[in-house]
1. Please state which of the following conditions residue 148 fails to meet, knowing it meets all the rest: (1) surrounded by fewer than 22 Cβ atoms within 10 Å (Cβ to Cβ); (2) more than 17 Å from residue 171 (Cα to Cα); (3) within 16 Å of the ligand (Cβ to nearest atom).
2. Taking residue 157 as the residue in question, decide whether it is near the ligand (Cβ under 9 Å from one of its atoms), in contact (Cβ under 8 Å) with a residue 60 or more places away in the chain and surrounded by fewer than 21 Cβ atoms within 10 Å (Cβ to Cβ).
3. Please find, within the stretch 161-178, the residue that is nearest to the ligand (Cβ to nearest atom) out of those that are open to solvent by less than 30 Å² (accessible area, probe 1.4 Å) and outside any helix (DSSP H, G or I).
4. Which of (1) part of a loop (DSSP other than H, G, I, E, B); (2) free of Cβ contacts under 8 Å to residues at least 40 places away in the same chain is the odd one out, the single condition residue 333 does not satisfy?
5. Give the stretch 101-125 a look and list any residue that's modelled with pLDDT of 95 or more and not in a loop (DSSP other than H, G, I, E, B), or say none.
6. Exactly one condition in (1) open to solvent by less than 20 Å² (accessible area, probe 1.4 Å); (2) in contact with a His (Cβ under 7 Å, 6 or more places away or on another chain); (3) in a loop (DSSP other than H, G, I, E, B) is not met by residue 201; state its number.
7. Taking the stretch 308-335 only, how many residues are within 16 Å of the ligand (Cβ to nearest atom), surrounded by fewer than 22 Cβ atoms within 10 Å (Cβ to Cβ) and of a type outside the set (Val, Ile, Thr)?
8. Report, by residue number, each residue of the stretch 336-354 that is within 16 Å of the ligand (Cβ to nearest atom) and outside any helix (DSSP H, G or I).
Amino acid sequence: MDRIRITGGNQLSGEVRIAGAKNAALALMPATLLTDAPLTLTNVPRLSDIKTTNELLGSLGTEIASLSDATVMVLSSKELTSYRADYDIVRKMRASILVLGPLLARKGIAEVSLPGGCAIGARPVDIHLQVIEALGATYELVDGYIHAEAPKGGLIGGNYEFPFVSVGATETALLSAVLANGTSVFSNAACEPEITDLAEMLNKMGAKITGLGTSTLTIEGVKSLHGATHAVVMDRIELGSYMIAPAMIGGDVFFPDARIDLIGAFVEKLTEAGIDVKEENGGLRVKASGKNIKPLDVRTDPFPGFPTDLQAQLMALLCLADGASTCEETIFENRFMHAPELARMGAKIDVEGNVATIHGVDTLRGAPVMATDLRASFSLILAALRAEGETIIRRVYHLDRGYEQVVRKLRGIGAEIVRENDE
Ligand code: EPZ
């Protein structure tokens with residue numbers, strides 16, 4: 001197990017190149033199961049979750065070639081040799097549930113382990129199961145596995161209204177309905193950029209999806225899909241995470257090819273806090289003094305609202321605001337685990353149910369802290385960049401799931417950070 005050691009206080013300046021989106025890639029890759037033709041993905045992020053997905057797809061018969069330092073991936077699923085997604089892989093990564101739909105669509109049968117809970121909440125998959133039932137599939141739960149079958153003639157187009165917005169279940173809907181007999185209409189669907197990216201790629205493969213970017217997706221089933229080449233959309237959560245770094249301690253950082261349309265609500269909040277965000281030369285520039293940070297009231301919502309995946313990172317900034325801020329977390333039931341770790345560094349945060357009140361302080365002090373989940377681990381890095389003295393962050397394997405080359409990227413803008421073995 002590794003740990004990260006940061007000495008705070010350095011102003012940050014320079015450039016950070018953002019990778020492809022983890023949460024897009026994890027939905028794009030299972031689409032290989034829908035066709036026997038090669039699917040080429042570029043701008044693939046180098047993350048442990050991607051490796052886990054490779055392992056999962058490999059266990060089903062997909063052949064995967066990684067090129068150009070693993071940023072290009074060619075997936076081909078000529079023959080599927082299994083339709084069983086094992087617990088050993090699924091327990092490592094909940095997004096494994098996304099093979100359920102394509103296995104049903106391609107093979108008519110699937111055995112997928114239930115994912116089990118995770119640190120930030122119970123995260124059941126009941127809506128994914130309602131989606132496949134809406135397309136004519138039946139299933140039963142046997143020994144912790146979902147045993148599902150499509151009708152003999154294949155999945156049947158159907159209509160389904162989501163009871164609440166679910167990113168993953170919307171991805172299951174797209175990955176299942178594209179090969180169904182007939183047309184499907186999904187309403188109250190998620191419209192995160194990663195959903196749009198998946199729909200754009202499926203259409204390149206010959207699918208017929210309309211309503212992209214809206215909460216109503218219409219899919220006219222087709223007989224088969226061909227291959228395609230698709231660039232993974234940039235990671236809006238990695239972008240937002242790094243944009244907070246200069247805001248925490250002061251500096252001037254440029255993000256080439258950054259798309260403000262992917263993080264509108266987040267930029268609005270950063271601007272409200274007094275941080276200068278400018279679009280220039282096809283990217284975004286963040287200039288800040290690290291002082292006079294204005295307090296905010298933030299509520300997480302499905303896109304285009306403020307993303308839950310940036311809540312922990314923004315909270316780190318609000319620890320230093322001139323006054324009290326609130327964060328209301330509406331998506332997950334247990335997503336404040338970074339609060340007690342930030343408190344170890346001197347932050348003053350009160351948590352009442354799904355609302356955290358952050359009382360701004362002048363300084364944070366370095367301390368040994370523990371990463372508890374992916375986004376919380378970045379929140380601790382941000383606090384450490386500002387804190388007086390040295391911070392040691394343990395269990396950085398959480399970080400490796402969603403952030404590639406963190407030490408290199410932060411050193412590149414002047415941070416004092418090393419990664420070391422934590423024996
Ligand atoms: C995706 O998770 C992301 N993960 C999450 O990012 C992100 O936080 C989340 O969407 C919300 O934007 C990936 O894309 C791999 P949901 P997902 O279905 O699909 C409940 C990160 O840090 N729910 O939109 O699992 C669920 O428990 C990760 O990169 C059900 O009750 O999220 C949650 O409370 C964390 N039943 C809410 O809905 C279901 O069948 C929203 O979940 C499905 C979800």
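1. The one condition residue 148 does not meet is (1).
2. Values: near the ligand (Cβ under 9 Å from one of its atoms): no; in contact (Cβ under 8 Å) with a residue 60 or more places away in the chain: yes; surrounded by fewer than 21 Cβ atoms within 10 Å (Cβ to Cβ): yes.
For residue 157, the condition - near the ligand (Cβ under 9 Å from one of its atoms), in contact (Cβ under 8 Å) with a residue 60 or more places away in the chain and surrounded by fewer than 21 Cβ atoms within 10 Å (Cβ to Cβ) - is not met.
3. Going through the stretch 161-178, the residues open to solvent by less than 30 Å² (accessible area, probe 1.4 Å) turn out to be 162, 166, 168-178.
Still in the list and also outside any helix (DSSP H, G or I): 162, 166, 178.
Working: 162: 9, 166: 3, 178: 19 Å.
Ranking the qualifying residues of the stretch 161-178, first place goes to 166.
4. (2)
5. Answer for the stretch 101-125, where residues must be modelled with pLDDT of 95 or more and not in a loop (DSSP other than H, G, I, E, B): 101, 102, 103, 104, 105, 106, 107, 109, 110, 111, 112, 113.
6. (3)
7. First, the residues of the stretch 308-335 that are within 16 Å of the ligand (Cβ to nearest atom): 308-316, 327-335.
Imposing the further condition that a residue be surrounded by fewer than 22 Cβ atoms within 10 Å (Cβ to Cβ) reduces the set to 308, 328, 330-334.
Filter again for of a type outside the set (Val, Ile, Thr), leaving 328, 332-334.
Total meeting the criteria: 4.
8. First, the residues of the stretch 336-354 that are within 16 Å of the ligand (Cβ to nearest atom): 336-338, 353-354.
Across the stretch 336-354, the qualifying residues are 336, 337, 353, 354.
The values are calculated or read from the model by the stated rules, or taken from the named source; none is laboratory data. The structure presented is a predicted model; accordingly, all values stated were derived computationally and were not measured. As a convention, Cβ positions derive from the backbone with ideal geometry for all residues, glycine included, and neighbour counts pool all protein chains shown. Each accessible area value is taken on the protein alone, full model and side chains, heavy atoms only, with ligands, DNA and RNA left out. Shrake-Rupley method; radii C 1.70, N 1.55, O 1.52, S 1.80 Å.
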